[in-house]
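Student: I'd like to ask you about the structure that follows.
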Amino acid sequence: TEARAQVVITELGLLENAQSLPDEINHFARQLTELAVALAAQPVVLLLDEPGAGLAEGEITALVAILRAQKARGTTILLVDHIMALVMPLSDRLLVLDQGIRIANGSPTAGIADKRVQTVYMGEGAVHAGCHRTPCSLWARDWRGVSRSSGSSRRNRGIDRGQRRRQD
C-alpha cells in the first residue's frame, strides 16, 4: 500500500528522492530504493546479493544500521557479499565458498580465522598492506572492490585481488 511505502521511504531516508527518477539520484540512493521495494513487502526472508557493491565506507555503515534494524524486527537475512565490514556485523553464521565448494561454515569469527579461507582469499602468506603479521587478521575489514560481473578488481585500501587468489 501507499502507506507502507511511505513508512519504508521515511525509514530509509529517501523522502527527498521519492519523486526522482533513478538516473537523478546517486548510487547509494538507488541501492536503498531497491531495498525499499523489497522491504515494502514486509518479507520474512530478505535475500541480498552484494548490496554493498560500489558503496563508500560511510554508506556501508549506514546500510549495516538499516539491515540490523530489519533483522531486529525478525526478518531473516541471507546475504551474499565480499565486503566484510557489511558481512561481519550482520552475520550469525558464515558460509565461505571457493569455486562453489564449501571451505568454511560456522561462526563469522571462525570463518575468517580459518586457514583455508585466508589462503584462498589472500594467498599463501599474504600480508595486508597495513599489517605486519602473516596471515593478517585484519584483512576482512578491508576486502573490497571485487567485481561480480567480470571477476576483476580495483585496488582498494592496499589489497589487490591477485593477492587473495590461490596460488596453483
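Student: Which ones in segment 14-23 are surrounded by 13 or more Cβ atoms within 10 Å (Cβ to Cβ) and either assigned to a loop (DSSP other than H, G, I, E, B) or within 21 Å of the chain's Cα centre (by Cα) (or both)? Even if it seems obvious, please write down each step before you answer.
Tutor: Filtering segment 14-23 for residues surrounded by 13 or more Cβ atoms within 10 Å (Cβ to Cβ) gives 14, 17, 20.
Passing the criteria: Leu14, Ser20.
Student: May I pose another question? When you look at Ala5, is it modelled with pLDDT under 95 and under 25 Å from Thr119 (Cα atoms), yes or no?
Tutor: Numbers: modelled with pLDDT under 95: yes; under 25 Å from Thr119 (Cα atoms): no.
When the stated conditions are applied, Ala5 does not pass them.
Student: If you go through segment 25-49 one residue at a time, how many are in a helix (DSSP H, G or I) and not aromatic (Phe, Trp, Tyr)? Walk me through how you get there before you give the answer.
Tutor: Just the residues of segment 25-49 that are in a helix (DSSP H, G or I), to begin with: 27-40.
Filter once more, so that each one left must be not aromatic (Phe, Trp, Tyr): 27, 29-40.
The qualifying residues number 13.
Student: Considering only segment 87-100, how many residues are under 18 Å from the mean Cα position of the chain (by Cα) and not in a helix (DSSP H, G or I)? Quick ask: steps written out before the conclusion?
Tutor: Going through segment 87-100, the residues under 18 Å from the mean Cα position of the chain (by Cα) turn out to be 87-98.
Subsequent filtering for residues that are not in a helix (DSSP H, G or I) retains 91-98.
Looking only at that region, the number is 8.
Student: Across segment 101-117, what is the total count of residues that are closer than 15 Å to Ser91 by Cβ and part of a strand (DSSP E or B)?
Tutor: Of the residues in segment 101-117, the ones closer than 15 Å to Ser91 by Cβ are 104-114, 117.
Subsequent filtering for residues that are part of a strand (DSSP E or B) retains 104-106.
Matching residues across segment 101-117 total 3.
A quick yes/no check of all residues on (1) in a helix (DSSP H, G or I); (2) more than 12 Å from the chain's Cα centre (by Cα); (3) farther than 20 Å from Ala110 by Cα; (4) not polar (S, T, N, Q):
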| site | (1), (2), (3), (4) |
| --- | --- |
| Pro51 | no, no, yes, yes |
| Gly54 | no, no, yes, yes |
| Glu59 | yes, no, yes, yes |
| Ala65 | yes, yes, yes, yes |
| Arg68 | yes, yes, yes, yes |
| Lys71 | yes, yes, yes, yes |
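Student: Let me spell it out: the conditions are (1) under 18 Å from Gly54 (Cβ atoms); (2) surrounded by 13 or more Cβ atoms within 10 Å (Cβ to Cβ), and Asn26 meets all of them except one. Which number is the exception?
Tutor: (2)
Student: I'd like the residue in segment 73-86 that is farther than 16 Å from Leu35 by Cβ and under 9 Å from the mean Cα position of the chain (by Cα) and, out of all such residues, is most open to solvent (accessible area, probe 1.4 Å). Working first, answer last.
Tutor: Step one: of segment 73-86, the residues farther than 16 Å from Leu35 by Cβ are 74, 82, 84-85.
Subset that is under 9 Å from the mean Cα position of the chain (by Cα): 82, 84-85.
Working: His82: 54, Met84: 15, Ala85: 35 Å².
Per the criteria, the residue is His82.
Student: If I ask for residues that are out of contact with any helix residue (DSSP H, G or I) (no Cβ under 6 Å at 6 or more places or on another chain) and either aliphatic (A, V, I, L, M) or on the phi > 0 side of the Ramachandran plot (or both), which ones from segment 36-45 would you list?
Tutor: Step one: list which residues in segment 36-45 are out of contact with any helix residue (DSSP H, G or I) (no Cβ under 6 Å at 6 or more places or on another chain), which gives 37-38, 41-45.
Matches in segment 36-45: Val37, Ala38, Ala41, Gln42, Val44, Val45.
Student: Also, quick follow-up: Quick check on my filter: what residues within segment 96-108 are open to solvent by 100 Å² or more (accessible area, probe 1.4 Å) and modelled with pLDDT of 90 or more? Even if it seems obvious, please write down each step before you answer.
Tutor: Step one: filter segment 96-108 for residues open to solvent by 100 Å² or more (accessible area, probe 1.4 Å), giving 99, 101-102.
Residues satisfying the conditions are Ile101, Arg102.
Student: Among what's in segment 39-49 and is under 17 Å from the mean Cα position of the chain (by Cα) and open to solvent by less than 40 Å² (accessible area, probe 1.4 Å), pick the residue that is nearest to Ala5 (Cα to Cα).
Tutor: Selected residue: Leu46.
The values are calculated or read from the model by the stated rules, or taken from the named source; none is laboratory data. Because the structure is a prediction, the values reported are computed rather than measured. We place every Cβ from the backbone using ideal geometry, glycine too, and count neighbours over all the protein chains shown. Note: areas computed on protein heavy atoms with side chains; ligands, DNA, RNA excluded. Shrake-Rupley method; radii C 1.70, N 1.55, O 1.52, S 1.80 Å.
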